[in-house]
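Here is the structure we will look at.
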Amino acid sequence: MKMHKLLLLAVACTWAMGAAAQWQWTDKDGRKVFSDRPPPPDIPEKSILKQPGGNRPTRAATPVAPAASDAAPAVAAAPKAAASAAGAGKDKELEEKKAQAEAAEAAKKKAEDEKIAKAKAENCTRARAAKAAFDAGKPITQANAQGEKIFLDGPARAAEAKRIDEIVASDCVR
């Protein structure tokens, strides 16, 4: 019984370790952000101050320069001025990447819309063929739950005709 309690205590202690997982970074406005989730991808690695486990972050396995200390704001002011001058080039790169991402997303959406339109056209063709068969007055059979073929009687035929009409109305819109 003692071993059971020790195991339960060990599990409870390790479970609580997840609460200690904290990320800390400075956002683009210079404010410190604390979160239990990683920063967004647009936050540069040099702005990440802390990650879970206490290690410095390495997103792409590249060396990272140490973060500027809060105790030396005068020393940090000069690099910020240089960074703002170099930021114009980074902004252009960011805008280009953003435009490429938007173009890729638009292409993906267009491909998805084309796929949906193709499926609707195929459904429309099938529904019109089924409607023609129903309108011809031919006997229609369907399989029941046991796999046996049964002929549709009056109410079942009317319900199936209504369903086909709804499919034609929704998928055959041009």
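In this structure, Ser35 and Glu114 have a Cβ-Cβ separation that, at R0 = 45 Å, corresponds to a calculated FRET efficiency of about 0.70. The phi torsions of region 98-114, fed into the Karplus equation with coefficients 6.51, -1.76 and 1.60 and a -60° offset, translate into couplings of 5, 5, 5, 5, 5, 5, 5, 5, 5, 5, 5, 5, 5, 4, 5, 5, 5 Hz, rounded to whole numbers, with Gly and Pro shown as x. Mean silhouette area of region 92-174, derived from the convex hull of its C-alpha atoms and averaged over all directions, reads 8.4 nm². Note on region 120-161: with neighbouring protein chains present and a 1.4 Å probe, carbon and sulfur make up 56 percent of its accessible heavy-atom surface.
Amide H contacts of Trp23: Ser35, Asp36, Arg37, each under 5 Å away and 5 or more positions distant or on a separate chain (H built 1.01 Å from N in the peptide plane; Pro and chain starts excluded).
The values are calculated or read from the model by the stated rules, or taken from the named source; none is laboratory data. None of these values were measured; they are calculated from a predicted model. For neighbour counting, all protein chains shown are included, and Cβ atoms are generated from backbone atoms with ideal geometry for every residue, glycine included. In case anyone asks, the SASA skips ligands and DNA or RNA and just uses the protein heavy atoms, side chains included. Shrake-Rupley method; radii C 1.70, N 1.55, O 1.52, S 1.80 Å.
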